[in-house]
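Below is one structure; the comments refer to it alone.
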Amino acid sequence: MELKKLLTGIENLKSKGDLEIDIKKVECNSKKVKPNSLFIAIKGYDFDGHEYIDEAIENGATAVMLDMSADFKKIKIPKGITVIITDDTRKALARVSCNYFGNPSRYFKLIGVTGTKGKTTTTYMIKAILEKAGYKVGLIGTIANYIGEDCLGFSNRTTPESLELQGLFYKMAKAKVDYVVMEVSSQSLKLSRVDGCDFDYGIFTNLYKDHISLKEHADMNEYFETKLKLFSMCPKGFVNSDDFKCNKIIKASPNCDIKTYSVDNKSDLIAKDITITNISVDFKVKIGIRNERVKVNIPGRYSVYNALAAISLAVCLGIDAEKIKEGLANIIVPGRNELVPNKEDLAIMIDYAHTAESLENVLQATKTYTPGRVICVFGCGGDRDTEKRPRMGEVSGRLADYTIVTTDNPRTEDPEQIINEIETGISKTKGKYEIIIDRKEAIKKAIKMMNKRDIVILAGKGHETYQEIDGKKNPFDERVIVKEILGEKKDD
């Protein structure tokens, strides 16, 4: 594509050199640059793309884009290379990516889901409902990216960088999907990854204290204001009116037609007569002119909210109540409050909870609906944040009825050292616990000690199907392991 066309829509450009050259590839990673590429230098938290311009040119870049904030005294670009300068290369990357792939999000209906919690589950619920209604659906999110049942690969982040994102959209448009539902993280909004996306619908699940750090958001106000951007990018929205930020979202989004859903407060769609067990949740909700009974096999009050978000969108799209109920009835979200089906009818849940906050949320929720004991099996990953280890131990010791501390992904660390750090937290509580280093044996012990009134929570690994030890990823799918322990075949 002609370089000049790639730059369409980017304001405040300065350039030196030929803008009519043919560009074969766009890249922001110098190592991936090929001949006749445009290299866009991004200044990140850990790396500065401007330091890799020489490598990009050596690999074949014929044009480079620089940020106005770059230290130009350190940058020397040889003659014959077209140079473009803009005031924000992140925003420019998003715009160039849209142009390079032909603005693919215009060729399907795009649904964005943002919020602190519930994004992943809500997107899977929406996908299931839309597919029951006969639509072809793409999904982009924390776990993996899909076109229908075809997995396009597992995700490195909740919302991909703009270049990767537009590439996924291109594949989905080419596959003639009707809808794409995607998780929209606050970072993707802050860092312009979703700039240029043609959103049709936006959903806000909730806002909790999270992602406040030097590399994320300065405070809760910035965190919220960033998420708010989604509703300036779409004509229709759906907001949880039980969240304290609901009214502010509505007032701040005059150009977005927002509908609400709730359990407690007044809203357009309200769940009533809620029944929660340790294997499911069901509730009544008015769809059209009838009160419908909806069942979801993901227990917990938060499942009601996620389902309401999905139902709100489905109602707006005119989807039949039976299709909505069918879509939600057997929903499985890999590693998110995922109950492992088994012939013993035991409540064995796999969840990705791998921080103190997420583990506390899961344990608190399960305690409200579990008639027996909450048995928690967890560990902490190696080569990662060490401060969370005693905190997670304290949380499980305080909330679980019994804890088995084990390994997660020790990576290059000594598993016993990680467990010792967890134990410094759990030993401060009155909680009952034991240590079993081998994770499979830990799971076996938890299942052996449980009964049908109890719930076992396998926390930390979630959708992962491996365990990383000494830098090697070994097969470790907790679903398979649970079935092996219960004496069931993999295909049952």
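Laboratory data are not the source of any read-out in this text; all were calculated from the coordinates shown. These figures come from a predicted structure and were not determined experimentally. FYI the Cβ positions are ideal-geometry reconstructions off the backbone, even for glycines, and counts take in every protein chain you see.
Relative to the longest principal axis of the Cα atoms of the chain, helix 89-100 runs at roughly 80 degrees. Only Cα pairs under 8 Å and 6+ residues apart enter the sum, and on that basis the relative contact order of the range 338-485 stands at 32 percent.
Of the two radii for the range 107-162, the radius of gyration is 0.94 times the Kirkwood radius, both from the alpha carbons; that is the Rg over Rh value. Expressed per residue, the C-alpha convex hull volume of the range 244-352 stands at 128 Å³. Put simply, when 395-407, 369-381, 223-235 are sorted by average Cβ atoms within 10 angstrom per residue, most first, you get 395-407, 369-381, 223-235.
Let me check against my output: what whole-number percent is the relative contact order of the chain, with C-alpha pairs under 8 Å and at least 6 apart? So the answer I get is 10 percent.
Seen from THR8, the other residues with C-beta closer than 13 Å to its C-beta sum to a net charge of +1, counting Lys and Arg as +1 and Asp and Glu as -1.
What whole-number volume per residue, in cubic angstrom, does the convex hull of the C-alpha atoms of the range 338-485 give?
Values: hull volume 13.4 nm³, N = 148.
Once divided by residue count, the hull of the range 338-485 is 90 Å³.
When DSSP beta bridges are restricted to pairs lying wholly in the chain, around 35% turn out antiparallel. In the range 3-100, inverting the average of 1/r over every pair of distinct C-alpha atoms gives 13.0 Å as the Kirkwood radius.
Shape summary: the range 104-329 maps onto an equivalent ellipsoid whose semi-axes, from the alpha-carbon gyration tensor, are 25, 22, 16 Å in decreasing order. Remark: the Cα gyration tensor places the range 439-483 in the prolate category, a/c being 1.5 or greater and a/b exceeding b/c.
Within the shell defined by Cβ-Cβ distances under 12 Å, the residues around LEU139 carry a net charge of -1, with Lys and Arg each +1 and Asp and Glu each -1.
For the range 221-268, the C-alpha radius of gyration sits at 1.08 times the compact-globule guess of 2.2 N^0.38 Å, with N the residue count.
In terms of its C-alpha gyration tensor, the range 1-52 comes out oblate, because a/c is 1.5 or above while a/b does not outweigh b/c.
One compactness figure for the chain is 1.05, namely its Cα radius of gyration divided by 2.2 N^0.38 Å. Per-residue ellipticity at 222 nm computed for the chain from its helices equals -9000 deg cm²/dmol, with DSSP H segments shorter than 4 residues left out and the rest contributing -39,500 (n - 2.57).
If the segment from ILE332 to ILE437 were pulled out straight at 0.36 nm per residue, it would be longer than the present Cα-Cα gap by 34.9 nm. Among LYS117/LYS284; LYS91/LYS245; LYS5/LYS79; LYS432/LYS461; LYS14/LYS245, which pairs are too far apart, with a Cα-Cα distance over 32 Å? Table pairs above 32 Å Cα-Cα are LYS14/LYS245.
First obtain the Kirkwood hydrodynamic radius of the range 340-380 from its Cα pairs, then insert it into the Stokes-Einstein equation at 10 °C and 1.306 mPa s, and state the resulting D in µm² per second as a whole number.
Values: Rh = 11.4 Å.
Diffusion coefficient, whole number: 139 µm²/s.
Quick check on the range 299-354: take the gyration tensor over C-alpha atoms, sort the square-rooted eigenvalues as a ≥ b ≥ c, and tell me if it's rounded (a/c under 1.5), prolate or oblate. Note, shape of the range 299-354 comes out prolate.
Counting pairs of alpha carbon atoms under 8 Å apart in space and at least six apart in sequence, what relative contact order in percent does the range 192-341 give? Can you show the working numbers first?
On the way: 225 pairs, mean separation 25.1, N = 150.
Reported relative contact order: 17 percent.
The GluC sites (Glu not before Pro) found in the range 1-86 that occupy coil by DSSP, while having at most 16 further C-beta atoms within 10 Å, are GLU11, GLU20. Computed from Cα positions, the angle between helix 301-316 and the longest principal axis of the chain comes to roughly 50 degrees. The P(r) of the range 120-240 has a tail past 22 Å containing 33 percent of all C-alpha pairs.
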